[in-house]
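What follows is a set of notes on a single structure, which appears directly below.
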Amino acid sequence: MKRKGKGNGVKGKPPKKAVARRALGVPDRATLLAFLNQAKGAIGHREVAIAFGVKGDDRRALKALLADLAAEGAIAKTGRKEIASKSVPPDGGVFQIVEIDTQGDLLARACGRDEALFGPLVRVAPGKPQVRHEGPPPGVNDRFVGKVRTDHEGAYEVLVIKRLGTALSKVFGVFIAADEPLAGGGYVKPSDRKMRYDLLIGPEHMKEARSGDLVAVRLLPHRGYGPKRAEIIEIFGNTEDPKAASILAIAAHNIPMGFSPEEEAQADAATPAPMADREDLRALPLLTIDPEDARDHDDAVFAQAREDGGFRIIVAIADVAHYVTPGSPLDEGAITRGNSVYFPDRVVPMLPLRLSADLCSLIDGVDRPCLALEIMIDASGTKQSHRFTRAMMNSAASLTYGQAQLAIDGIVDAVTAPLLDTALRPLWAAYAALSKARDVRQPLEIDSPERKIVLGPDGKVESIGVRERLDAHRLIEEMMILANVCAAETLEEKRSALIYRVHDQPSETKLAALGDFLATVNIKWAKGQPPTPARFNTVLNLGKDTEQAAMINEIVLRTQAQAIYDTGNLGHFGLNLRKYAHFTSPIRRYADLVVHRALISAHGFGKDGLRDKDPEKLQRIAELITATERRAMAAERDATDRYVAAFLSERVGATFEGRITSVTRFGLFIRLHETGGDGLVPVTSLGHEYFHHDEAGHALIGGDSGDRWELGARVEVRLVEATPVTGGLLFEMVSGPKPGQPPARKQMRGPVRRTTGSRPGAVTRRR
């Protein structure tokens, strides 16, 4: 980029040192870099030559010097220009976010020719607090058009003008060696299903990879036609490893692994918290109730009946803030991770195991510090009062959901028998009261089952099923929701800064699409009325006993917005709550740790509370942990898909029952009942006719026969292909479509697909 006026290296005067060297010809390295730094813009070798008076054969020497500086990384190509990469950034242009610092700030560098990055790291200017952000917040590898300015301290920062999407900096996949060893090289099959082509790897770019290795590659410059080429830059496992699915997900999503020496040292030096002036709750039979595969225990509950028919409830949460203090190595590491990430075979914790599985975990029979909340509710479950305290507790038992449920159902064991009357039955009675309040509140009731993958001793998948939902799950869920509400209410009353967990109402566009769909199944949706969870529940109930029940549930789910973290309170639409903040899981979520610190400061519980209450800083943290949460969800989903594909790869050719979960112009996505696996039936395998994509009705309709393939329909499919590397499943339809009337030609406005030369049920691959 050129700047007009002085200092651009073309019309302006060169530095005095450069003037002094004109008679000597080519400037030395230091003088040249000083000139480029002063120019503050893109400078080509011709402009440099003019500025220094370099002529004749000396110009070749100047080009050679510039080439050496480029090889060292001191300058970088930007189109046909060059700029000093360790100097000031350009005024504006395309930038890419490359990392997140320990304060939660996004750092970017300018993008040059061939997608090369150059210039110094520049802080991305934060958005104004209390402003809603459309779409997911920016993250590492995101590109944008930016404008550089200086902040109040004179440091450079870049303002985001327009988002451009995510840069493809790395591609992950499996290396397959060439068939003929003498040829060398091979190709990489990408793990991303969206990439429909393999990448050629030359012998000089394969590092020490062997066939079957999980690798990361960098794309090489590519112009024109022909296969794309790449070079292997990292080898991190092999497909024969039973844990390959999670290894690949961790690498592909840049999930931070391990801890710095400073973090480990701080964790190792930590000792159990003293009683000091904490409230003593050790005599209460507080219980932790968690899944069978829980890696930590950060919440405990207790309930006690009151004479007026109400209940006293205590929710005790691990006091992570005592060990992870603001600005410490543990804190800086935790904010970059944002949260723990859970895979079928492992957990990638936010905190070192010394804390997450020991000092901060509410292990039964051991004194543990906690931030506790006492809540008084009446017989109808309505909250009457609450108070927070910093306390010491001792868990009476660590129970699983199934274990607690069996005890209530009359099957006790050695652990639950002595706790049945003193702890478990009072908890269930309090839950019954809270259920009444929930029924009045009417949160959104969408059926969204969760897959459970069971691994054998060899690390391979033993079984896949759906996690059972028990009253024990709902009990803990209701008490945690109530505790989160109390945290938000208290911090608002104390006028404290905080990060809310917000869930906005659906957009007008999605609501309009929902209304169009519901009209096709004869359910009314008044478009003028505001959306509420109760209205959605009414829709779900109307379709509950119909053949469209699953389809309606799926569409209502897709209509909802995604929950995020924000310093502005938008409320929580799904839970139908006006104030909500995550408080109950500080071992695995940084958001909860921030709320704990805010409560400590607001109540004067200690000096380890929230120090930096700057709204802009908290908003940046909110955006960062929203991004890390999305990253974790994507990694967990990808790993699960790969485990399912690996499990089913030995059953190719078998038939399965499933349901159509998505209808697109190119085919039908099917979810299997048995495993929850998702796969595609290509439209090219459905028959010989044209298929009209009815977008509003979520159906593919045969142009000649009128046969309909509708969202939510139960179907039987045959597994044609299972690819563990991508997690992809390919099916062909076994069952028949729903009979219907051919659409009129004037109605066939949407995308129309012609299936080619294949008999019904046969799979035709696209080239």
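The values are calculated or read from the model by the stated rules, or taken from the named source; none is laboratory data. The model shown is predicted, which means the values in this text are computed figures rather than measured ones. Cβ placement follows ideal geometry from the backbone for every residue including glycine, while neighbour counts extend to all protein chains displayed. Surface accessibility is based on the protein's heavy atoms, side chains included, excluding ligands, DNA and RNA. Shrake-Rupley method; radii C 1.70, N 1.55, O 1.52, S 1.80 Å.
Here is how the numbers come out for the structure above:
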item	result
Given (1) part of a helix (DSSP H, G or I); (2) at pLDDT 95 or above, number of the condition I587 does not satisfy	(1)
All positions within region 531-546 that are open to solvent by 30 Å² or more (accessible area, probe 1.4 Å) and touching a residue at least 12 places away in the same chain (Cβ under 8 Å)	T532, A534, L542, T546
L355 vs. criteria touching a residue at least 24 places away in the same chain (Cβ under 8 Å), crowded, with 24+ Cβ neighbours inside 10 Å, in a helix (DSSP H, G or I) and not polar (S, T, N, Q)	yes
Residue list for region 657-683, filter: open to solvent by 10 Å² or more (accessible area, probe 1.4 Å) and either aromatic (F, W, Y) or not in a loop (DSSP other than H, G, I, E, B) (or both)	E657, R659, T661, S662, V663, T664, F666, F669, R671, D678, L680, P682
Positions within region 637-655 being open to solvent by less than 10 Å² (accessible area, probe 1.4 Å) and more than 24 Å from the chain's Cα centre (by Cα), in sequence order	L648
Single match in E554, E623, E616 (criterion: over 28 Å from V140 (Cβ atoms), touching a residue at least 12 places away in the same chain (Cβ under 8 Å), among the acidic types (D, E) and part of a helix (DSSP H, G or I))	E554
R163 being surrounded by fewer than 18 Cβ atoms within 10 Å (Cβ to Cβ), modelled with pLDDT of 70 or more, in a strand (DSSP E or B) and touching a Gly at 6+ places or on another chain (Cβ under 8 Å)	yes
Top-ranked residue of region 36-75 - restricted to ones that are surrounded by 13 or more Cβ atoms within 10 Å (Cβ to Cβ) and assigned to a loop (DSSP other than H, G, I, E, B), ranked as modelled with the lowest pLDDT	K40
Answer from A379, A397 - the residue that is over 22 Å from L491 (Cα atoms) and in contact with a Gly (Cβ under 7 Å, 6 or more places away or on another chain)	A379
Index of the failed condition, A321 passing every other in (1) surrounded by fewer than 24 Cβ atoms within 10 Å (Cβ to Cβ); (2) of a type outside the set (D, E, K, R); (3) more than 16 Å from S395 (Cα to Cα)	(1)
Of all residues in region 370-380 being in contact with a helix residue (DSSP H, G or I) (Cβ under 8 Å, 6 or more places away or on another chain) and open to solvent by less than 10 Å² (accessible area, probe 1.4 Å), the one that is farthest from Y431 (Cα to Cα)	L371
Meets criteria (without any contact (Cβ under 8 Å) to a residue 12 or more places away in the chain, of a type outside the set (A, V, I, L, M, F, W, C) and open to solvent by 30 Å² or more (accessible area, probe 1.4 Å)) for D367	no
Candidates A561, A581, A550, A598 - the one that is in contact with a strand residue (DSSP E or B) (Cβ under 6 Å, 6 or more places away or on another chain), within 24 Å of P126 (Cβ to Cβ) and of a type outside the set (S, T, N, Q)	A581
Residue in region 211-227 that is modelled with pLDDT of 90 or more and more than 25 Å from V348 (Cβ to Cβ) present	yes
Among (1) modelled with pLDDT of 95 or more; (2) open to solvent by 50 Å² or more (accessible area, probe 1.4 Å) - the single one M733 does not satisfy	(2)
Residue in region 277-287 that is at pLDDT below 95 and either on the phi < 0 side of the Ramachandran plot or not β-branched (V, I, T) (or both) present	yes
Conditions (1) of a type in the set (D, E, K, R); (2) part of a strand (DSSP E or B); (3) open to solvent by less than 40 Å² (accessible area, probe 1.4 Å); (4) out of contact with any Lys or Arg (no Cβ under 7 Å at 6 or more places or on another chain): number failed by R390	(4)
Wholly enclosed strands (runs of 3 or more DSSP E) of region 403-518 bearing at least 2 residues modelled with pLDDT of 95 or more, open to solvent by less than 30 Å² (accessible area, probe 1.4 Å) and under 30 Å from V556 (Cα atoms)	500-502
Checking D114 against (1) at pLDDT below 75; (2) touching a Gly at 6+ places or on another chain (Cβ under 9 Å); (3) charged (D, E, K, R); (4) in a helix (DSSP H, G or I), the condition it does not meet	(2)
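Table: residues versus (1) touching a residue at least 24 places away in the same chain (Cβ under 8 Å); (2) open to solvent by less than 10 Å² (accessible area, probe 1.4 Å); (3) not in a strand (DSSP E or B).
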site	(1), (2), (3)
R295	yes, no, yes
E307	no, no, yes
A316	yes, yes, no
E332	yes, no, yes
D345	yes, no, yes
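Yes or no, residue by residue, for (1) more than 20 Å from the chain's Cα centre (by Cα); (2) more than 25 Å from S448 (Cβ to Cβ); (3) surrounded by fewer than 24 Cβ atoms within 10 Å (Cβ to Cβ):
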| site | (1), (2), (3) |
| --- | --- |
| A561 | no, no, yes |
| D566 | no, no, yes |
| G571 | yes, no, yes |
| G574 | no, no, yes |
| P586 | no, yes, no |
| L593 | no, yes, no |
| R597 | yes, yes, no |
| A602 | yes, yes, yes |
